[in-house]
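**Q** I have a structure I would like to understand better, so I am pasting it below and will then ask my questions one at a time.
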Amino acid sequence: MTSFDRRTLLRAGLVSGAGLAGGALLGASGASAAPAWRPSGRPVLTHGVQSGDATADSAMVWTRADRAGRLHVEVSRRPDFRGARQIRGPLLAPSGDFTGKVRLRDLPAGERLHYRVRVESLDRPGLLSEPLVGSLRTAPGAGRCSDLRFVWTGDIVGQGWGISSDFGGMKIFESMRKVRPDFYLCSGDTVYSDGPLAETVTLPDGRIWRNLVTPEKSKVAETLTEYRGQFAYNLLDEHLRAFAAEVPQINQWDDHEVTNNWYPGEILADDRYTEKRVDVLASRARQAFHEWLPTPGDGRLYRRLSYGPLLDVFVLDMRTYKDANDGNTYADRDRGLLGRAQREWLIRELKQSRATWKVIANDLPIGLVVPDGATAQEGVAQGDNGLPAGRELEFAEVLRAAHRGGVSGLVFVTADVHYTAAHHYDPARAAVRDFTPFWEFVSGPAHAGAFGPNALDGTFGPKAVFVNAPPAANTSPADGFQHFGEVAIDGRSRELTVHLRDRDGRSLWSTTLAAPR
């Protein structure tokens, strides 16, 4: 595990700047400007290394430096980097908060690869940072049925529960690392930009929770610098940094990357904000999201990733195209969470997929009622148990099209509600019958207040087969009820096994699904 001097991390995390430095295999230059503060000596990589969106032949690699510099990456099959391929990456510029990422291309499929990252000083060419190393596994090739394993969760540093060394930090990431997954899916709420931290919180039993606090985490995020500080803060946790260096990520966003329950066009009535226009806040948050996470370079959030013949993952964006939160009982099929283009994309891609299992990552659950105040709804369901209405119309269309198109092996994974559950949906119990039975698995929070359980809406016939929720709202991470899910697919039988696990990695419940014919 790489060790970091906390003072260096905090100082570097507070440096202001802007912009994204992206790059292909040989790199692409970004704009550069002289920073206001010029550190002496070698460049320092301030927040570790991360990888993301690993396919059969490519992956993103990310880092951040304490100054402008040139990113250099080596990649090898060997941990000693003998015979490593050298890649000259993009400039890390103040316009991108000195973050940068490069897509490694022409990688071998289905292998554990090692990468080493350095940044070269622009003021003193040839002067390189100390290296940081990481590893990742590429996806299997199209013709290879090999074992697969991934983990998912969401909701990180929420409800005032930050990094507390007295309570072990965000140790759920160490538990997920020990599972040795091929990849990690974060189902939204990657940060809590609307959740300021206090230095201390008194727990119900009198114990004191002591938060590590940075200036950006002491108020709601409004400026670009403050949004960047949300992501910088999470990477101060040693468990998260070690996990990110070993496991490639797939990230989607939900609401707390911007502010609670937001939708486009909203004007806030929250007195904590001086900037009330959510569209302005969302633009800044989205820039920070792409700067500080190893997301793909094209900026689109909904996408499909393939893992050989056994698995396709469909990542949804249920925020960018979201309609206003109201009673959610309308009959207008042009409204919804996904928008027409994304909805048609999902139907088309599901029909084209030949993977045994088609996992849909939905950052808002389908059947759980998620209120936004006394009269409005935040999620898909509204609790009337009747025929589809409001946002349910979109999912009725998707499920009907998949059923009529003979699509099999649908599994949904989600987070958002801060407890873990297994829901089975069946048309025999539903108000609408034109769909194939499927499962939706809920996990989280990773490190936030625990809540729940929420009420189920009967429109699509869900049954809560398993639920693990806290006895009181906003139960702290010190008292458990932090969760992640694990999915394992057997390369021979093609069976899919799900474990719903707690913070320490203990399996609370599991099921094995036979491969569809």
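**Q** Can you find a residue that is over 15 Å from the mean Cα position of the chain (by Cα) and on the phi > 0 side of the Ramachandran plot anywhere in the range 319-332? Outline the logic, then answer.
**A** Of all residues in the range 319-332, those over 15 Å from the mean Cα position of the chain (by Cα) come to 320-332.
With on the phi > 0 side of the Ramachandran plot added as a condition, the list becomes 328.
Yes: the range 319-332 contains one or more residues that are over 15 Å from the mean Cα position of the chain (by Cα) and on the phi > 0 side of the Ramachandran plot.
**Q** Further, regarding this structure: Would you call F451 hydrophobic (A, V, I, L, M, F, W, C), over 15 Å from V179 (Cα atoms) and without any contact (Cβ under 8 Å) to a residue 60 or more places away in the chain?
**A** yes
**Q** Right, here's the next one. Scan R300, R319, R284, R333 and give me the residue that is more than 30 Å from V102 (Cα to Cα) and either open to solvent by 10 Å² or more (accessible area, probe 1.4 Å) or at pLDDT 95 or above (or both).
**A** Numbers: R300 fails: more than 30 Å from V102 (Cα to Cα); R319 fails: more than 30 Å from V102 (Cα to Cα); R284 fails: more than 30 Å from V102 (Cα to Cα).
None of the other options fit; the residue is R333.
**Q** If you go through the range 410-455 one residue at a time, how many are buried (at least 23 other Cβ atoms within 10 Å of the Cβ) and either of a type in the set (V, I, T) or farther than 24 Å from A469 by Cβ (or both)?
**A** Residues in the range 410-455 being buried (at least 23 other Cβ atoms within 10 Å of the Cβ) and either of a type in the set (V, I, T) or farther than 24 Å from A469 by Cβ (or both): 6 in total.
Results for (1) buried (at least 18 other Cβ atoms within 10 Å of the Cβ); (2) over 18 Å from the mean Cα position of the chain (by Cα); (3) not polar (S, T, N, Q), shown as yes or no for each residue.
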site	(1), (2), (3)
S165	no, yes, no
M170	yes, no, yes
F173	yes, no, yes
R177	yes, no, yes
C186	yes, no, yes
Y192	yes, no, yes
G195	yes, no, yes
T200	no, yes, no
P204	no, yes, yes
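**Q** What pairs come out if I take residues in the range 288-312 that are on the phi > 0 side of the Ramachandran plot and pair them with residues that are among the basic types (K, R) whose C-beta lies under 9 Å away, six or more apart or interchain?
**A** G299/R286; G308/R144
**Q** What single numbered condition from (1) farther than 22 Å from R304 by Cα; (2) outside any helix (DSSP H, G or I) fails to hold for A428?
**A** Answer for A428: the failing condition is (2).
**Q** Then there's this: Quick one: is A402 open to solvent by less than 10 Å² (accessible area, probe 1.4 Å) and either touching a strand residue (DSSP E or B) at 6+ places or on another chain (Cβ under 9 Å) or modelled with pLDDT under 95 (or both)?
**A** On the way: open to solvent by less than 10 Å² (accessible area, probe 1.4 Å): yes; either touching a strand residue (DSSP E or B) at 6+ places or on another chain (Cβ under 9 Å) or modelled with pLDDT under 95 (or both): yes.
In short, yes.
**Q** Something else now. Which of the residues spanning the range 44-91 are in a strand (DSSP E or B), in contact (Cβ under 8 Å) with a residue 12 or more places away in the chain and among the basic types (K, R)? If you could, list the steps in order and put the result at the bottom.
**A** Step one: list which residues in the range 44-91 are in a strand (DSSP E or B), which gives 45-52, 59-65, 69-76, 85-91.
Filter once more, so that each one left must be in contact (Cβ under 8 Å) with a residue 12 or more places away in the chain: 45-52, 59-65, 69-76, 86-91.
Hits for the range 44-91 are R64, R70, R88.
**Q** Right, here's the next one. Taking P294 and the conditions (1) over 30 Å from P140 (Cβ atoms); (2) touching a Lys or Arg at 6+ places or on another chain (Cβ under 6 Å); (3) open to solvent by less than 10 Å² (accessible area, probe 1.4 Å), which numbered condition does it fall short on, given that it satisfies the others?
**A** Result: P294 passes all but (1).
**Q** I'd like the full set of residues that are open to solvent by less than 10 Å² (accessible area, probe 1.4 Å) and either among the small types (G, A, S) or over 17 Å from D182 (Cα atoms) (or both), limited to the range 135-144.
**A** Matches in the range 135-144: A139 only.
**Q** Which numbered condition in (1) over 19 Å from T223 (Cα atoms); (2) touching a Ser or Thr at 6+ places or on another chain (Cβ under 8 Å) is the only one that A285 fails?
**A** (1)
**Q** Name every residue in the range 206-233 that is among the hydroxyl-bearing types (S, T, Y), surrounded by fewer than 22 Cβ atoms within 10 Å (Cβ to Cβ) and either within 25 Å of A415 (Cα to Cα) or in contact with a Leu (Cβ under 9 Å, 6 or more places away or on another chain) (or both), in order of residue number.
**A** Start the filter on the range 206-233 by keeping residues that are among the hydroxyl-bearing types (S, T, Y), which leaves 214, 218, 223, 225, 227, 233.
Imposing the further condition that a residue be surrounded by fewer than 22 Cβ atoms within 10 Å (Cβ to Cβ) reduces the set to 214, 218, 223, 225.
Selection gives T214, S218, T225.
**Q** Hey, does the range 272-289 have a residue that's among the small types (G, A, S), in a loop (DSSP other than H, G, I, E, B) and closer than 22 Å to G48 by Cβ? Before the answer, list the steps.
**A** Just the residues of the range 272-289 that are among the small types (G, A, S), to begin with: 282-283, 285, 288.
Checking the rest, the ones that are also in a loop (DSSP other than H, G, I, E, B) come to none.
No.
**Q** Every residue in the range 21-63 that is within 19 Å of the chain's Cα centre (by Cα) and either at pLDDT below 50 or not polar (S, T, N, Q) (or both), please.
**A** H47, G48, V49, G52, D53, A54, A59, M60, V61, W62
**Q** While we're here: Show the residue pairs meeting these rules: Cβ distance below 8 Å; 6+ apart or different chains; first residue within the range 201-220 and outside any loop (DSSP other than H, G, I, E, B); second residue open to solvent by less than 60 Å² (accessible area, probe 1.4 Å) and acidic (D, E).
**A** Here the result reads E216/E226, each pair linking the range 201-220 to a residue that is open to solvent by less than 60 Å² (accessible area, probe 1.4 Å) and acidic (D, E).
**Q** Also, quick follow-up: Mind listing whichever residues of the range 463-506 are within 30 Å of N211 (Cβ to Cβ) and polar (S, T, N, Q)? Full working, then the answer.
**A** Step one: filter the range 463-506 for residues within 30 Å of N211 (Cβ to Cβ), giving 467-486, 500-506.
Listed by number, the residues that qualify are N468, N474, T475, S476, Q482.
**Q** Could I ask something else about it? Just name the residue that is nearest to the chain's Cα centre (by Cα) out of those in the range 349-363 that are polar (S, T, N, Q) and in a loop (DSSP other than H, G, I, E, B). Give the steps one after another, and end with the answer.
**A** To start, the set of residues in the range 349-363 that are polar (S, T, N, Q) comprises 352-353, 356, 362.
Narrowing the set further to residues that are in a loop (DSSP other than H, G, I, E, B) leaves 353, 356, 362.
Working: S353: 23, T356: 24, N362: 11 Å.
Out of the qualifying residues, it is N362.
**Q** Same structure again: Those residues that are under 27 Å from S306 (Cα atoms) and without any contact (Cβ under 8 Å) to a residue 12 or more places away in the chain, I need them from the range 319-340; list them, please.
**A** Hit for the range 319-340 is R340, nothing else.
**Q** Kindly indicate which of G134, G96 is modelled with pLDDT of 95 or more, within 23 Å of the chain's Cα centre (by Cα) and closer than 23 Å to T225 by Cβ.
**A** Working: G134 fails: closer than 23 Å to T225 by Cβ.
Testing whether each residue is modelled with pLDDT of 95 or more, within 23 Å of the chain's Cα centre (by Cα) and closer than 23 Å to T225 by Cβ leaves just G96.
The values are calculated or read from the model by the stated rules, or taken from the named source; none is laboratory data. What you see is a predicted model; the values in this text were computed from it and never measured. For neighbour counting, all protein chains shown are included, and Cβ atoms are generated from backbone atoms with ideal geometry for every residue, glycine included. The accessibility values were calculated without ligands, DNA or RNA, using every heavy atom of the protein model including side chains. Shrake-Rupley method; radii C 1.70, N 1.55, O 1.52, S 1.80 Å.
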